[in-house]
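Enquirer: Provided herewith is a single structure, encoded as structure tokens, for subsequent inquiry.
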Amino acid sequence: MTDETDPAVTSEELQELFSRAPLEASARGLRVLPATLREPDVFFMAPEVSLDDALDVAVAVGAAFVSIGEEFFDAAEFLEDLDEVPSRVRNAAAGHDADRTGIDVRWIAGGTSYVYWAKAAWWRDLTAELEEWREDADEARAREHRSWMTRAQQLIREAIDDVGIRAAKPMSRKPVVEAFIRNRMESDDDVGAGYALRWAPGRVTEEWRSAYALLEQTSGPFIADLRDDPEWQRAKWNASDRRDVLRRFAMSRTGGWAPTDTWVKEMDAKSAPKK
């Protein structure tokens with residue numbers, strides 16, 4: 001991949017610039033000194049700006065000296081933490097190990113920091129190719145993650161809607177939910193089902209609690225309707241039968257969710273006939 005909007009030069013041109021830079025600087029009366037300068041305020045990029053023009057600017061702004069540096073490629077560092085990098089990138093990196101990636105000529109004048117930078121085209125292209133691969137890999141991982149989440153939500157929804165799970169006793173519902181999910185696993189590597197196995201018991205409990213919270217908010221009408229139910233009327237003087245009717249009636253009003261024994265006992269105390 002080549003980004004023509006990102007200026008760069010060939011390796012041969014880079015070598016030629018590095019060889020010429022100290023000679024051209026000296027020819028202009030600029031001393032060449034090793035120095036560490038602060039981050040530049042002004043950038044000149046080769047080949048858009050020539051070395052001669054950049055050094056002419058250094059003279060014009062009154063630079064006392066220039067510092068010339070070079071950078072080299074470390075293939076091991078470049079590929080660090082990249083286990084799945086394509087072979088073409090890995091091979092290209094190995095082929096350029098210890099090659100020069102760029103040179104810079106820096107100077108300071110009037111409080112402003114300047115740099116003339118020349119970058120190797122192969123370095124530009126290799127970096128761009130690695131970035132493109134990373135973006136593709138990130139998108140592939142994102143798609144895979146979305147598919148896992150979609151499958152997990154689908155299985156959780158199926159568990160919530162399952163008649164058997166809703167009818168199970170709340171205190172023993174978790175293993176029922178887990179068995180439901182496991183029976184639908186497509187393989188040991190079914191990651192989406194793995195997420196569902198982790199989250200489904202909690203989501204099922206949330207749905208059950210929500211259903212009974214709503215029923216509690218309308219307990220008055222619920223009790224009135226219960227007392228009008230013919231089956232409850234027949235069983236109202238038998239506590240055990242009456243509670244069985246109450247349990248079934250509550251399930252019919254909550255979409256099939258079974259109540260806890262404690263809830264049945266408390267609601268029966270509120271709705272039982274007075275002797």
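Every number here is computed from the coordinates shown, using simple stated rules; none is lab data. Everything quoted here is computed from the prediction, not taken from an experiment. Reconstructed Cβ throughout: ideal geometry from the backbone, glycine too, with neighbour counts over all protein chains shown.
Enquirer: Treating the angle as unsigned and between 0 and 90°, give the value, to the nearest 10°, between the Cα long axis of helix 261-271 and the longest Cα principal axis of the chain.
Expert: 50 degrees
Enquirer: With every atom except the alpha carbons ignored, what do you get for Rg and Dmax of segment 1-112, in angstroms?
Expert: Radius of gyration, then largest Cα-Cα span, for segment 1-112: 16.7, 51 Å.
Enquirer: Hey, what D do you get for segment 158-205 in µm²/s if you plug the Kirkwood alpha-carbon radius into Stokes-Einstein at 20 °C and 1.002 mPa s? Present the calculation step by step, with values, prior to reporting the outcome.
Expert: Numbers: Rh = 10.7 Å.
It comes out at roughly 200 µm²/s.
Enquirer: Next up: Using just the alpha carbons, could you tell me how many Å³ per residue the convex hull of the chain encloses?
Expert: Residue-normalised Cα hull volume stands at 221 Å³.
Enquirer: OK, next. Scattering from the C-alpha atoms of segment 32-190 alone, worked out with Debye: what is log10 I(q)/I(0) at q = 0.18, 0.20 1/Å?
Expert: -1.07, -1.15
Enquirer: Hey, another quick one. Pop a pseudo-label 7 angstrom from the Cα along the beta-carbon direction at both Glu186 and Lys265 and give the gap in nm to one decimal.
Expert: Placing both labels 7 Å along Cα→Cβ, they lie 4.7 nm apart.
Enquirer: If I model a spin label at Asp138 and Ser87 as a point 7 Å from the Cα along the Cα→Cβ vector, what separation in nanometres do I get?
Expert: Label at Asp138, label at Ser87, 2.7 nm between them.
Enquirer: Along the Cα→Cβ direction, 7 angstrom out, place labels at Ala94 and Gln153. What is the inter-label distance in nm?
Expert: 4.4 nm
Enquirer: For segment 48-140, count all C-alpha to C-alpha pairs, find those more than 19 Å apart, and express that count as a whole percent of the total.
Expert: Cα-Cα pairs in segment 48-140 separated by more than 19 Å: 53 percent.
Enquirer: If r is the Cβ-Cβ distance from Leu214 to Val163 and R0 is 22 Å, what FRET efficiency results, to the nearest 0.05?
Expert: Efficiency for this residue pair is about 0.65.
Enquirer: Moving on. Under a 10 Å cutoff between Cα atoms, tell me which one of Met185, Met171, Met149 has the largest fluctuation in the Gaussian network model of the chain.
Expert: Looking only at Met185, Met171, Met149, the biggest GNM fluctuation is shown by Met171.
Enquirer: Give me the log10 of I(q) over I(0) for segment 103-199 at q = 0.11, 0.16, 0.22, 0.23 Å⁻¹, as the Debye formula computes it from C-alpha points; what are the numbers?
Expert: -0.56, -0.79, -1.05, -1.09
Enquirer: Once the Cα gyration tensor of segment 132-179 is diagonalised, what are the square roots of 5 times its eigenvalues, in whole Å and ordered largest first, as equivalent ellipsoid semi-axes?
Expert: After scaling each eigenvalue by five and taking roots: 36, 9, 5 Å.
Enquirer: Would you list, by chain and number, the lysines whose Cα falls below 29 Å from the Cα of Lys265, excluding same-chain residues fewer than 8 positions away?
Expert: Counting by Cα, and skipping residues close in sequence, Lys265 has these lysines nearby: Lys169, Lys174, Lys236, Lys274, Lys275.
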